[in-house]
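Below is one structure, written out as structure tokens; the observations come after it.
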Amino acid sequence: MIVRPAQIGDLPTILTIYNHIIATSTAVYTREPVDLANRQTWFDERRKLNYPIVVADDHGTVAGFASFGDFRAWWGYRYTVEHMVHVDDRYQGQGIGRMLIETLEVEAKALGKHVMIGAIDAANEGSIRFHARLGFQEAGRLSEVGHKFGRWLDLVLMQKLLDPESVRVD
């Protein structure tokens, strides 16, 4: 298993993983599947900002993907990013999520980012524990801010301070 930058040819598999997550979980607070054009736009927007999209490649098969984007679009938040990480169900529990997040952290530091945020459905205790093992700390809980599958959803915000030496504040 290797982690590498995503390529255009990876988008159909990324789309399949993402749409499966939309259909079966509360990891993404939307119910409508997206199409390939949507993922292409997402890919292009990340690239314009020099933000990474990485995949876990198992001998040519994309087992998972991760990326980050701006936490909020305003100038004062320019040193903070929010990440996403999704692993195909067939590859869960094999350390792939860790590899992807650790790669994103290296990329974030290289871009001079100071904080990485994860927004996690509060019922996803496995993801919360996973992030805690990687050094993320709970920064807040937002009650009933989402709605999916006929129920209100709480959101946990977790953050990790990256290497302060990596940030050149202007």
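The values are calculated or read from the model by the stated rules, or taken from the named source; none is laboratory data. Quantities reported herein were computed from a predicted structural model and do not represent experimental measurements. Note: ideal-geometry Cβ built from the backbone for every residue, glycine included; neighbour counts use all protein chains shown. Accessible surface is based on the protein model in full, side chains and every heavy atom, while ligands, DNA and RNA are left aside. Shrake-Rupley method; radii C 1.70, N 1.55, O 1.52, S 1.80 Å.
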>> Name the residue that is nearest to I120 (Cα to Cα), counting only residues in region 31-68 that are among the hydroxyl-bearing types (S, T, Y) and under 15 Å from the mean Cα position of the chain (by Cα).
In response: S67
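When region 45-56 is examined, which residues are found to be aromatic (F, W, Y) and open to solvent by 60 Å² or more (accessible area, probe 1.4 Å)? Show your work before the answer.
From region 45-56, those aromatic (F, W, Y) are 51; that's our starting set.
None - no residue of region 45-56 is aromatic (F, W, Y) and open to solvent by 60 Å² or more (accessible area, probe 1.4 Å), so the list stays empty.
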>> Which condition from (1) open to solvent by 60 Å² or more (accessible area, probe 1.4 Å); (2) under 24 Å from R90 (Cβ atoms); (3) part of a helix (DSSP H, G or I) is the one that L11 breaks?
In response: (1)
> Which members of region 30-44 meet the condition of being open to solvent by 50 Å² or more (accessible area, probe 1.4 Å), in contact (Cβ under 8 Å) with a residue 12 or more places away in the chain and under 26 Å from K113 (Cα atoms)?
Replying inline: Q40
> on the phi < 0 side of the Ramachandran plot, among the aromatic types (F, W, Y) and at pLDDT 95 or above - does that describe any residue in region 133-141?
Replying inline: yes
